[in-house]
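In what follows, a single structure is set out as structure tokens and then discussed.
The values are calculated or read from the model by the stated rules, or taken from the named source; none is laboratory data. Quick caveat, the model's predicted, so the values are computed rather than measured. Neighbour counts are summed over all protein chains in view; Cβ atoms, including those assigned to glycine, are modelled from backbone coordinates with ideal geometry.
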Amino acid sequence: MIQRFFILCSGADASILKTCSPGEQTKYAGIGATVFFTAVMAFIAASYALYTVFDNVYTALIFGLVWGLLIFNLDRFIVSTIKKRNSFKSEFYQATPRIILAVIIAVVISKPLEMKIFEKEINQVLLEQKNELTLANKQQIAQQYTPVIETLNADISTLKEEIITKEAETNALYDTYITEAEGTAGTMLLGKGPVYKEKREKHDAYLLELRELKTLNGQKIAAIENQIDVINAEYGVAVENSQPIIDGFDGLMARINALGELAWFPSFFIFLLFLAIETSPIVVKLLSPKGPYDFKLEEEESTVEAWVTQKVSHRQHIMATDAVLNERIYGEIREEEAVYAHKKQKAEELLRLQADAFHELQVKSL
């Protein structure tokens, strides 16, 4: 039963193959098994590749099954259409387009399986790329908020500088009236005289202005810091909203590019393995000698071709003979005087009847 199934997969004519030796049947069963298992590998590869795209098991399995059946049908068609000829050169020319198609199929099948085999290495490459994208994304988003924050920080610095300047002026006035009272500067008189009183009043006025300035600038600084907090919160939200896009950067194209970042040597040999599997039925057909099945298939095809050619030739002879006979028959009829006289008599009678009918119609209309 398994052998019959694999023979069906090979695309060989089971009725002809039954009349061949067991060895010939085993050869085509092996070819069919290769076609079948290639389709199974295509199903697995397509399912995994589509799972990375849709992230849904059932969808991936359905489309993977369709792809596996498509590859199975293509391989079966490729193998079944290669006919053994008496010249290897003609056989090779016949198989060249099918070999090219087999190479394409091998590439398509091997890539998803390579991604599964090197999944850990690909994940490491993707992690590094995600980290780079995260940093680049933060820098790009920061470019929208950094100028505003820098402007606000400059305003805060300006307000603080005003307070520092006012404090320095107030402290200078404090030193002035203290030294005046001590007699070490100013009038150089010890005690609290009119000059001391004037300088003390000026210092007190500056001290009051300093307190008011600290209160006012403190309120402005608090308001600006609140704006900075709001902008930082917006920046954090923007980064957080864009992060899932970066986290989802592990689709089919990303994984193929990540696979390209790895060493080519292992991937190349995996590709060669699938290329050998995919082209093995064609190679077997090309290298194997012309067997009993090929002779019997050629005999059956030539029998049908000869029968069709004979039928077409027979039909053409019938048509040619019929044309010659018709030409001779109608030629002889044209030469018969009796036929001519009879035809003339009937034509004259018809003309008389038409003339009489026309005359009666004219009389009635008067």
Hits in segment 7-47 - residues which are among the aromatic types (F, W, Y), farther than 13 Å from V79 by Cβ and buried (at least 19 other Cβ atoms within 10 Å of the Cβ): F43
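Quick one: which of K166, K111 is in the same structural domain as F269 (by TED's automatic domain parsing), basic (K, R) and at pLDDT below 85? Spell out the reasoning first.
Working: K166 fails: in the same structural domain as F269 (by TED's automatic domain parsing).
Every option except K111 fails the conditions.
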Leading residue by the ranking (nearest to the chain's Cα centre (by Cα)) among those in segment 128-183 that are surrounded by 13 or more Cβ atoms within 10 Å (Cβ to Cβ), under 30 Å from D250 (Cβ atoms) and of a type in the set (A, V, I, L, M, F, W, C): L133
I82 vs. criteria within 30 Å of K27 (Cβ to Cβ), of a type in the set (A, V, I, L, M, F, W, C) and modelled with pLDDT under 80: yes
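It is to be established whether one or more residues within segment 121-139 are of a type in the set (A, V, I, L, M, F, W, C), in contact with a Phe, Trp or Tyr (Cβ under 8 Å, 6 or more places away or on another chain) and at pLDDT 85 or above.
Yes: segment 121-139 contains one or more residues that are of a type in the set (A, V, I, L, M, F, W, C), in contact with a Phe, Trp or Tyr (Cβ under 8 Å, 6 or more places away or on another chain) and at pLDDT 85 or above.
Can you spot a residue in segment 265-278 that is more than 30 Å from S10 (Cα to Cα) and without any contact (Cβ under 8 Å) to a residue 40 or more places away in the chain?
yes
Just wondering, is there one or more residues in segment 105-112 that are of a type in the set (S, T, N, Q) and either farther than 19 Å from L275 by Cα or without any contact (Cβ under 8 Å) to a residue 24 or more places away in the chain (or both)?
Looking for residues that are of a type in the set (S, T, N, Q) and either farther than 19 Å from L275 by Cα or without any contact (Cβ under 8 Å) to a residue 24 or more places away in the chain (or both), one finds none in segment 105-112, hence no.
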Test: residue in segment 66-73 that is touching a residue at least 12 places away in the same chain (Cβ under 8 Å), touching an Asp or Glu at 6+ places or on another chain (Cβ under 6 Å) and of a type outside the set (S, T, N, Q): no
Residue match in segment 58-76 (condition: closer than 25 Å to I245 by Cβ, exposed (fewer than 13 other Cβ atoms within 10 Å of the Cβ), out of contact with any Cys (no Cβ under 9 Å at 6 or more places or on another chain) and modelled with pLDDT of 80 or more): no
